Amino acid sequence: MQNVLLVTVDSLRADRVNERVMPETAEFEDEALSFTDAVANGPSTPASFPAIHASRHFASIEGLGIPESGDGIITLAEHLSDAGYDTAGFTDNHFASGDYNFDRGFDTLHDASGSTEAGRLKQFVQSNLDKKGALFRAIESVYTRVDGALSAATGKESEYERAASLNERAIEWIEGREQPWFVWLHYMDVHHPYEAPVTYQEEFLDSPRSVSQCRALSRKATHHPEKMSGEEWDVLTDLYDAECAYTDAQFHTLLDSLAELGVRQETVTLFTADHGELLGEHRKGGHPPEFWEGTIRVPFLLDGLERDGEHGGQIRLLDTAPTLADSVGVDQPAEWQGESALELAAGEGREFAFGDVGRDVNYRRCYVRRADGWKLLRHADDGEHLFNVRENPRETADDDRLGDEVAAEAELATALDQHTAEMERMRSGSQAIEEGEEMVDEHLEALGYK
């Protein structure tokens, strides 16, 4: 049996896999099966990882994460473990960790999130400042200095454990392994606050920024985007690209390490992201609970099958687990809601993709995207939007066709209504981590969602 490697990059936009920003990954894409119209089933880690690991829509589960066991949910790690695979995961994101039961099926799960005293202290500072309140606005500059001082005092060069470190852990685990293995790595480097090593910043900026400056600008873009100047958006974009370039180099290093171990050619590798990122589009930064193309378009690159080529049909992150199981000849469980992308490569398409956020907005934030490019977005109190993203990928107000008696509008609305009704039915049988728990609020704040 072939080994399985799943690399997910937090917040990586599909358009960054190019020769300028991520040349090594672009070269990997040239030799892989590349699905150029892959979309996330949500605009955030909590919304995407049930789809990635368990082929389940986030809205089909009550709460965050996945249930502790059973409940009609089978993870990719569990399924491959039952098929004889050794399994290991390496992450530094609370919402993709054992706290939310994503350790199911893994023999080993390294979770770096909040694992050090410094990390716990920083999380305490972040969790006890209301970022929307007057107090936070009054002392935001002080907080930035405290944040930077903590980093300097603890020797941490970044908010998260670097991809290079996760690579080392994964290679150490793989080395000498006799059974076929499944390894998942989740790189956090591209997630804001975009604090790439100086060497990579110098590729995109005339003057590299300090950790404190990176974090301050990222917070401004995420929490006060209306105050951002055009120049600041440009700097933020360059910092984001620097993190993408760093991640590109580390992904290349990981593949080289597998080659040195002699297992690269016998490994199926899938490279993707949990969602994208906004860099000033729609006057927003980060990944708010909205479904613009910048937040849902992700790379989806599959290598190791002696097949390559570009495929433009629509697939979803929901198809991740079925695709990897299919790639190594393991049957798909009936419980999975996705389908193998290899079927798409053979000419079969996915007519609809759906996405949502969570119960805290009563599932009124959701979207449906049709394979021909028509997309209906429901942004709760912010209204609904209808675009043809094939013709107008920027999704500007002038491109909005809602109410123009476009035939696609009624079909998309009906499909989305049916989807949300089905998700409501399924939620009654699957209980995960309750969204009101103190731990959840702390993790949301630590990652900048609140």
Rounded to the nearest 0.05, what FRET efficiency do Thr253 and Asp381 have when you use their Cβ-Cβ distance and R0 = 41 Å?
0.35
Take the Cα atoms of the stretch 208-341, find their three principal axes, and give me the spread along each one in whole Å, biggest first.
52, 37, 25
Could you list the GluC sites (Glu not before Pro) in the stretch 1-94 that lie in coil according to DSSP, counting only those with at most 15 other Cβ atoms within 10 Å of their Cβ?
Glu19, Glu31, Glu68
Lys, Arg +1 and Asp, Glu -1 on Cβ, resulting dipole of the stretch 3-350 about Cα centre, debye, nearest 20:
1620
The residues Asp92, Asp71, Asp206, sorted from fewest to most surrounding Cβ atoms within 10 Å, come out as Asp206, Asp71, Asp92
Extended-chain gain in nm, criterion 0.36 nm per residue less alpha-carbon gap, Glu424 and Arg307:
38.2 nm
Kindly identify the stretch 3-350 as rounded, prolate or oblate by the Cα gyration tensor criterion: order the square roots of the eigenvalues as a ≥ b ≥ c, call it rounded if a/c is under 1.5, otherwise compare a/b with b/c, prolate if a/b is larger, else oblate.
prolate
For the stretch 385-391, just list the computed ³J(HN,Hα) in residue order, Karplus coefficients 6.51, -1.76 and 1.60, θ = phi - 60°, integers in Hz, with x standing in for Gly and Pro.
9, 9, 9, 9, 6, 5, 8
Between Asp398 and Glu351, 0.36 nm times their residue separation minus their Cα-Cα distance comes to what?
14.3 nm
Looking at the stretch 291-320, which GluC sites (Glu not before Pro) are DSSP coil and have at most 13 other C-beta atoms within 10 Å of their C-beta?
Glu306
Please report the spacing between the Cα centers of the stretch 353-418 and the stretch 265-314 in Å, no decimals.
19
Nitroxide proxy distance, nm - points 7 Å out along Cα→Cβ at Ala334 and Gln265
4.1
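Here, each number is a calculation from the coordinates, and none is a lab measurement. Because the structure is a prediction, the values reported are computed rather than measured. Neighbour counts are summed over all protein chains in view; Cβ atoms, including those assigned to glycine, are modelled from backbone coordinates with ideal geometry.
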